[in-house]
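Participant: Quick one: structure below, then a few questions.
Just so you know, all these numbers are worked out from the coordinates, no wet-lab data involved. Only a predicted model underlies this, so the values are computations on that prediction, with no experimental measurement involved. Counting neighbours? That spans all protein chains shown, and the Cβs are built from the backbone with ideal geometry, glycine included.
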Amino acid sequence: MILQLSELLIGIGACVRQGDPNIQISGIAHDSRQVKHGDLFICIKGYHSDGHDYIAEAARAGAAAVLIQEDRSFPAGLTVVQTDSTVAAMASISDIFYEHPSGKLRLLGIIGTKGKTTSTYMCKSIYEAAGYKGGLIGTIRNIVGDQEVPSRNTTPVSPDLQALLAQMVSAGVSHVAMEVSSHAVALNRIARCDFAGGIFTNITSDHLDFHKTFDEYLKAKVRFFELLSPDAYAVINIDSPSASAFLEACR
């Protein structure tokens, strides 16, 4: 798949710092070690490393353009685009590049501290018993129909997630059950995904190394339901002490 860079930048408030905004892009990379010729390299400022430090490496690997959020030096001849948040922009760019695959699927998001993996397998089995071709995205593995795809995160980063959803569309999958982690919500991994529905299993004090407080952890999980479209469905475990927060988000 090849698109012009300008097509990928729609709606993200980007400005071209140098180069050709109509250069052709054949892939998206957020890890300089995985850059291929013709890719757009998106510089993500992470907790342990900063993609802006690897612009020259990405250029040597054949990147056609880079997306930045901070001023850095960059090689002459490289197309450079700047935006306020590369994390947020990456979700939009990935969705456009892979032609909005979630809109061609019945995508179910399952969120909760425990029970996500079991629930996704149960839902996939229900889909298949009803005669649909099912897919699964989760902690243990991803499944595209009958094909297993290795999993690196509970919820993949947005380019990997959109690529996986596009693979499911190509394979004829119609219904997908996906584990949605609180990290994925907070880090915009699921932005631009169209969910047919969502399930909340439970919430306990966990992952506070990332969210710092239980309230922040709860807000991240509730945020998923706030992002659902008005015509989506929601299944809430009302036995959870936090159920009221999720029910309120669904109003």
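Participant: With only Lys, Arg, Asp and Glu charged, each at its Cβ (+1 for the first two, -1 for the last two), find how big the charge dipole of the stretch 146-198 is about the Cα centre; round to the nearest 20 debye.
Facilitator: So the magnitude is around 200 debye.
Participant: Sticking with this structure for a sec: Given Cα pairs under 8 Å that are at least 6 residues apart, what percent is the relative contact order of the stretch 3-97?
Facilitator: 30 percent
Participant: Along the positive direction of the dipole of the stretch 1-117 (beta-carbon charges: Lys, Arg +1; Asp, Glu -1; about the Cα centre), which of Val66, Ser94, Leu107 reaches farthest?
Facilitator: Checked the options; the winner is Leu107.
Participant: Which is farthest toward the positive dipole end of the stretch 101-249 among Ala166, Ala243, Ile190, measuring Cα position about the Cα centre, with Cβ charges +1 (Lys, Arg) and -1 (Asp, Glu)?
Facilitator: Value: Ala166.
Participant: Looking at this model, which pairs from Lys124/Lys221; Lys36/Lys212; Lys45/Lys124; Lys45/Lys116 are more than 32 angstrom apart at the alpha-carbon?
Facilitator: Correct reply: Lys36/Lys212; Lys45/Lys124.
Participant: How much length is gained on full extension from Ile23 to Thr117, taking 0.36 nm per residue of separation minus their Cα-Cα distance?
Facilitator: 29.7 nm
Participant: Also, I was wondering about something else. Where does the charge balance sit around Ala177 when Lys and Arg score +1, Asp and Glu -1, over other residues with C-beta under 13 Å from its C-beta?
Facilitator: With Lys, Arg at +1 and Asp, Glu at -1, the neighbours total +3.
Participant: What ranking do Cys15, Cys123 get, fewest neighbouring Cβ atoms within 10 angstrom at the top?
Facilitator: If I rank by nearby Cβ atoms, fewest first, I get Cys15, Cys123.
Participant: In addition: Classify the stretch 3-97 from the C-alpha gyration tensor, please: rounded if a/c falls under 1.5, else prolate or oblate depending on whether a/b exceeds b/c.
Facilitator: Cα axes put the stretch 3-97 in the rounded bin.
Participant: While we're looking at this one, here's another question. If we count other beta carbons within 10 Å of each Cβ, what is the order of Phe74, Phe214, fewest first?
Facilitator: So the residues, fewest neighbours to most, are Phe214, Phe74.
Participant: Between the alpha-carbon centers of the stretch 55-85 and the stretch 87-122, tell me the distance in whole angstrom.
Facilitator: About 28 Å separates the Cα centre of the stretch 55-85 from the one of the stretch 87-122.
Participant: Calculated FRET efficiency, Glu148 and Ala243, Cβ-Cβ r, R0 35 Å, to nearest 0.05?
Facilitator: 0.55
Participant: Also, quick follow-up: If Lys and Arg each add +1 and Asp and Glu each add -1, what is the summed charge of the other residues whose beta carbon sits under 12 Å from the beta carbon of Glu57?
Facilitator: Net of charged neighbours comes to 0.
Participant: Fewest to most neighbouring Cβ within 10 Å: what's the order for Ser229, Ser119, Ser6?
Facilitator: With the fewest neighbours first, Ser229, Ser119, Ser6 line up as Ser229, Ser6, Ser119.
Participant: If you take the alpha carbon radius of gyration of the stretch 95-225 and divide it by 2.2 N^0.38 Å, what ratio comes out, to two decimals?
Facilitator: 1.00
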